[in-house]
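Student: One structure, pasted below without further comment.
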Amino acid sequence: MSTAMEQLYQQLILEHAKTPHGKGLEADGQGESFQVNPTCGDEVRLRVHLRPEEPVIDHLSWDGSGCSISQASLSVMSELVEGASVPTAENLGATFRELMHARGKGLDEESEDRLGDATAFTGVAQYPARIKCALLGWAALRDALVQAGAVSTPAGAPATTEENP
Amino acid sequence: MTPGPVQTLGGRHAPAGEVVGLRASASLTAAELAAVRADFPLLTRTVRGGRPLVYLDSAATSQKPDVVIDAELEFYTRHNAAVNRGAHQLAEEATTAFEQAREDVAAFVGAEPGEIVWTSNATAAINLVAYAMGNASLGRGGAAARRFALVPGDEIVVTEAEHHANLVPWQELCARTGATLRWIGVGDDGRLRLDELATVVGERTKVIAVSHASNVTGAVTDVPRVVARAREVGALVVLDVCQSVPHLPVDLHALGVDFAAMSGHKMLGPTGVGALYGRRELLEAMPPVTTGGSMVEVVTMEHTTYAAPPQRFEAGSQMVAQSVGMAAAARYLGELGMAGVAEHEAVIAVALLDAVARVPGVRVIGPTDAQDRLAVVAFTVQGVHPHDVGQVLDDHGIAVRVGHHCAQPLHRRLGVPSSARASASVYTTLEEVAVFGAALATVRPFFGLGGKK
């Protein structure tokens, strides 16, 4: 196996894919998003559950089917944003997108610290075709937050398409 | 070039020392196959850190032999000029090359040159028919075109196995005209339920659009049966021959279909070119779709009369170099002999099916027998997403397609969202299939899954 493959399929990713966090759609929730990856048919339906009277993500729930990268990314993201304020979650999303465009080189130490387990996806950025797999969940989160009225979409950048061309 | 070791195929091989020649009706010998591979420069390259390329994605796009690459190069370096206009020598040469290409492609599929319309790809060819029918439904083309007109209550029949290119244009035509879309189902074995022709096709059926061979299951359609039913009710048959023409002998006149859509890049030719075959009398009666220069007779400020087919359907600048390249591909395959190509690929199909069957936890999407099928095998690996399957195979230098292969309804019918697909061409070897089989066996263990079914 090549080094790039080892970096792509890190143990942490394989474990998250096998026992994903947050999987299983829950009934309530303030915002929902359905995202598909039209090239491979992967899909996810994600709900954001906010704390009452507080712009804080209590937790996410989601259901979907997809490759190990997309499922693990959804799982890691669900852990990462649990209890995070909405701006913090938005920030994490932006940092993760940066990581995906870093061609496998990673980010500065401070950014990687904030991303925690999500830095395991650094190797994904060496495979351009897989970046959209890792971003599927993050696209759903951003859209669900928009649907929940927790954030507004920047003009000209619809949350549903930008991550997932 | 350095072709990989090649095994003897199908038990028939030339005696040692026999001159490598091209034969019409037997599989390729090892020496012939090595010679074929030497014609494809890309097959010599390595991928992913020096691994020999095992290209099993020919159903998506085929690799190109030197003669195709050279034909385009030769056109641009020697003969390039605007076709069908200009009085200079280059214009003559370019026009001759363009029209000779039409003749060569026509001859390759059993058609007359005047029945071949150049299109940018096969999707455009199918859309051309669908939009011409839409225009006829609006009254364009006058009385002659009335046979193409649809009214609410008319029916278009497709199949559940179609590539989106032979489904969506018909959905759109129905939406524009009020016609109803119906379809032939797919059995659990992945083959068309052609028994449903008796019930799904009726007196209101105006079009039956079906593929000659599935790009997912590799199943070959019993076209004569479809044509016979179409004749009973006076429906037109539109055949998608993208997957069949590169792999089987195809004689469109003998098949008796009304239209056929061909792809250049899937038959060893260039991208950016395809062709629509239409029976001459139908093309003559059909109204144009894309209008503009080159497809007209007399243009006044009020009114325009249109050229005879095929030029009526070839508005604007044409893809001349690509057409010349596609013709070179047709000649190349014709010289190899399609019977021999088909026989070689039948051997590969058996080997691919066998390779997949040997790996625990792998399920074929489509027929598991080699009867009436191409060397196209879609499969799923239990517990591993197709994208991950493709990634592991890629790490071994093996190129397969992953996803729904532009056939979402077929995948839905067969109970999977997507699949991985290995597909062969004339240059595929048994050795490559063996490399593929060995790599496939590593996929489940890589993801920590056992070997049990």
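The values are calculated or read from the model by the stated rules, or taken from the named source; none is laboratory data. Remember, predicted model here, so these are calculated numbers, not experimental data. Ideal geometry is used to build each Cβ from the backbone, glycine not excepted, and the neighbour counts take in all protein chains shown.
Student: Residue pairs, Cβ under 6 Å, 6 or more apart or interchain, first in segment B:193-210 and surrounded by 22 or more Cβ atoms within 10 Å (Cβ to Cβ), second among the polar types (S, T, N, Q) and modelled with pLDDT of 95 or more. List them.
Tutor: From segment B:193-210, the pairs are B:Ala209/B:Asn166; B:Val210/B:Thr159; B:Val210/B:Thr221.
Student: When you scan segment B:227-318 for strands (runs of 3 or more DSSP E) that lie fully inside it, which ones turn up with 1 or more residues that are surrounded by 20 or more Cβ atoms within 10 Å (Cβ to Cβ)?
Tutor: Qualifying strands (runs of 3 or more DSSP E): B:236-240, B:259-263, B:274-278.
Student: Here's a check for you: in segment B:174-226, which residue that is among the small types (Gly, Ala, Ser) and in a helix (DSSP H, G or I) is nearest to B:Gly256 (Cα to Cα)?
Tutor: Top of the filtered list is B:Ala198.
Student: Might you check whether a residue that is crowded, with 24+ Cβ neighbours inside 10 Å, in contact with a Lys or Arg (Cβ under 7 Å, 6 or more places away or on another chain), within 23 Å of A:Leu8 (Cβ to Cβ) and modelled with pLDDT of 95 or more occurs anywhere in segment B:421-434?
Tutor: yes
Student: What pairs can you find where one residue is in segment A:112-137 and away from chain B (no Cβ under 11 Å), the other is among the aromatic types (Phe, Trp, Tyr), and their Cβ atoms are less than 6 Å apart, with a gap of 6+ or different chains?
Tutor: A:Ala118/A:Phe96; A:Ala134/A:Phe121
Student: Any residue in segment B:398-423 that's closer than 19 Å to B:Glu160 by Cα and at the interface with chain A (Cβ under 10 Å from one of its Cβ atoms): show its pairings with residues that are among the hydroxyl-bearing types (Ser, Thr, Tyr) and assigned to a loop (DSSP other than H, G, I, E, B) at Cβ separation under 8 Å, as long as the two are six or more apart or on different chains.
Tutor: Filtered contacts from segment B:398-423: B:Gly403/A:Thr39; B:Gly403/B:Ser418; B:His404/B:Ser418; B:His411/B:Ser418.
Student: Another question, then. Any residue at all in segment B:256-275 that is in contact with a His (Cβ under 6 Å, 6 or more places away or on another chain) and either of a type in the set (Lys, Arg) or under 23 Å from B:Phe148 (Cβ atoms) (or both)?
Tutor: no
Student: Of all residues being basic (Lys, Arg) and surrounded by fewer than 20 Cβ atoms within 10 Å (Cβ to Cβ) in segment B:32-58, which is nearest to the chain's Cα centre (by Cα)? Just the residue, please.
Tutor: B:Arg45
Student: So which of B:Ala91, B:Ala149, B:Ala144 is under 30 Å from B:Val68 (Cα atoms), of a type in the set (Gly, Ala, Ser) and out of contact with any strand residue (DSSP E or B) (no Cβ under 6 Å at 6 or more places or on another chain)?
Tutor: Answer to the selection: B:Ala91.
Student: Out of B:Asp388, B:Asp395, report the one residue that is surrounded by fewer than 24 Cβ atoms within 10 Å (Cβ to Cβ), facing another protein chain (nearest Cβ under 9 Å) and at pLDDT 95 or above.
Tutor: When all the criteria are applied, what remains is B:Asp395.
Student: Out of the residues in segment A:29-49 that are in contact with a helix residue (DSSP H, G or I) (Cβ under 8 Å, 6 or more places away or on another chain) and of a type in the set (A, V, I, L, M, F, W, C), state the one that is farthest from A:Ala150 (Cα to Cα).
Tutor: That would be A:Cys40.
Student: Sort through A:Ala89, A:Ala134, A:Ala94 and tell me the only one that's at pLDDT 95 or above, within 27 Å of A:Pro55 (Cβ to Cβ) and touching a strand residue (DSSP E or B) at 6+ places or on another chain (Cβ under 7 Å).
Tutor: A:Ala89
Student: Still on this model: What pairs can you find where one residue is in segment B:330-349 and of a type outside the set (Val, Ile, Thr), the other is part of a helix (DSSP H, G or I), and their Cβ atoms are less than 6 Å apart, with a gap of 6+ or different chains?
Tutor: Every condition considered, the pairs that remain are B:Ala330/B:Asp104; B:Ala330/B:Val105; B:Ala330/B:Phe108; B:Arg331/B:Asp104; B:Tyr332/B:Val67; B:Gly334/B:Phe108.
Student: Here is a further query. Answer yes if at least one residue in segment B:88-105 is buried (at least 17 other Cβ atoms within 10 Å of the Cβ) and of a type in the set (Lys, Arg), and no otherwise.
Tutor: yes
Student: Same structure, new question: Check off (1) in contact with a helix residue (DSSP H, G or I) (Cβ under 9 Å, 6 or more places away or on another chain); (2) within 21 Å of B:Thr368 (Cβ to Cβ) for B:Gly202 and give me the number that stays unchecked.
Tutor: (2)
Student: Give the number of residues within segment A:108-118 that are within 17 Å of the chain's Cα centre (by Cα) and surrounded by fewer than 20 Cβ atoms within 10 Å (Cβ to Cβ). Outline the logic, then answer.
Tutor: Let us first name the residues in segment A:108-118 that are within 17 Å of the chain's Cα centre (by Cα), namely A:111-118.
Still in the list and also surrounded by fewer than 20 Cβ atoms within 10 Å (Cβ to Cβ): A:111-114, A:116-117.
Matching residues across segment A:108-118 total 6.
Student: Restricting attention to segment A:50-58, does a residue exist that is among the β-branched types (Val, Ile, Thr) and under 25 Å from B:Asp388 (Cα atoms)? Even if it seems obvious, please write down each step before you answer.
Tutor: Step one: list which residues in segment A:50-58 are among the β-branched types (Val, Ile, Thr), which gives A:56-57.
With under 25 Å from B:Asp388 (Cα atoms) added as a condition, the list becomes none.
No, segment A:50-58 contains no residue that is among the β-branched types (Val, Ile, Thr) and under 25 Å from B:Asp388 (Cα atoms).
Student: So how many residues does segment B:319-368 have that are over 21 Å from B:Gly269 (Cβ atoms), crowded, with 20+ Cβ neighbours inside 10 Å and not aliphatic (A, V, I, L, M)?
Tutor: 2
Student: Please verify whether segment B:328-341 includes one or more residues that are under 21 Å from B:Ala59 (Cβ atoms), part of a helix (DSSP H, G or I) and of a type in the set (Ser, Thr, Tyr).
Tutor: yes
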